[in-house]
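Everything below concerns the one structure shown next.
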Amino acid sequence: MHHDHDHRLTSDRRALTTALVLVAALMVGEIVAGLLAHSLALLADAGHMLTDGAALGFALFAAAMAARPAAGRWTYGYSRLEILAAQANGITLVLLAVWIVWTAAHRLADPHDVRGGVVLAVALAGAVVSLAATVVLARAGKESLNVRGAFLHVATDVAAFGAAALAGGLILATGWNRLDPIASLLVAGLMLWSGAQLLRESTAIFLERAPADADPELIGRALVAERDVVEVHDLHVWTVTSGFPALSAHVLVASDADCHAARRRLQDTLTERFGLTHTTLQVEHAEPATAQVALGDAVPRSTPVERR
């Protein structure tokens, strides 16, 4: 488990570094071209790419810190920095989208002259570079919310360049400059959606909601169905960081059962059926009054039975 986690972090850092170099080089060229062409679509995306650079840098820092071993009071290490980076990426996407919408509204009311040829050329070049960065991050971002946050930043660049290229071509053909802010509004909508997704998922992890593929009720029923188990309570399932789910529970077993053997069976069930390898089970003998009663057996009214 830990070896796989470390391998993922190494792969994440390599992908993030490559994407950061590509984005930084493209951002400089896009700012210059956007100023020369008076294009809001290019300048808006250049601003987006500035946040991309910051987002990639923060994600790279978080991945590097997450690789550090647990020590002292940091009993889980710095793994949650990855989730914090993802949430920061979501916030920046939303804020930048709001700025683009506000600026586009002003440009629609008072359109500026836009050099469609420059916009088209830069957008096509930017789309190629952004697509390369997206492919690099897509290979590493399947399990990491941190990398997926950076991926969404760069993926919206691909859409932004596509919209800018379309706007540039149409401006060349029609001369209608309002197409430029309209293209930026489409990109802003995509950024809002991506940012909202990141915020929703990262907030769920911070609030320690159970992972989407781990139903606590189903897990609880599976544990109770195991041999010798009488009761399961204080069951908690949460995500420490991307690809690192955890579980804890208090288990009562029959008074004549082997606690250690029962714990091993339960851990095997959690691993094989639910993919949960980081588990903490407190297994104790139940009081005789709480032992399971076979169907058909009578329970004297004077005998207290704990309700489950």
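Test Gly47 against the criterion of being out of contact with any His (no Cβ under 8 Å at 6 or more places or on another chain), closer than 25 Å to Ala165 by Cβ, open to solvent by less than 30 Å² (accessible area, probe 1.4 Å) and modelled with pLDDT of 75 or more, and give yes or no. When the stated conditions are applied, Gly47 does not pass them.
If you go through region 56-75 and keep only what is modelled with pLDDT under 75 and surrounded by 15 or more Cβ atoms within 10 Å (Cβ to Cβ), you end up with Ala66, Ala67. For Ala125, the requirement of being out of contact with any helix residue (DSSP H, G or I) (no Cβ under 7 Å at 6 or more places or on another chain) and buried (at least 16 other Cβ atoms within 10 Å of the Cβ) is met.
Checking each residue in region 222-242 for being crowded, with 16+ Cβ neighbours inside 10 Å and of a type in the set (Gly, Ala, Ser) picks out Ala222, Ser242. If the condition is being within 13 Å of Phe274 (Cβ to Cβ) and surrounded by 14 or more Cβ atoms within 10 Å (Cβ to Cβ), then region 192-221 contributes Ala210, Pro211, Ala214, Asp215, Pro216, Ile219, Gly220. Going by what's in this entry, would Ser130 be described as closer than 30 Å to Arg80 by Cα, open to solvent by less than 30 Å² (accessible area, probe 1.4 Å), among the small types (Gly, Ala, Ser) and at pLDDT below 75? Criteria not met by Ser130. The residue that is least open to solvent (accessible area, probe 1.4 Å), counting only those in region 76-117 that are out of contact with any Ser or Thr (no Cβ under 8 Å at 6 or more places or on another chain) and more than 30 Å from Gln197 (Cβ to Cβ), is Gly116.
The values are calculated or read from the model by the stated rules, or taken from the named source; none is laboratory data. Since we're looking at a predicted model, the values are computed, not measured. Please note: Cβ atoms are built from the backbone with ideal geometry, for glycine as well, and neighbour counts cover all protein chains shown. Accessible surface is based on the protein model in full, side chains and every heavy atom, while ligands, DNA and RNA are left aside. Shrake-Rupley method; radii C 1.70, N 1.55, O 1.52, S 1.80 Å.
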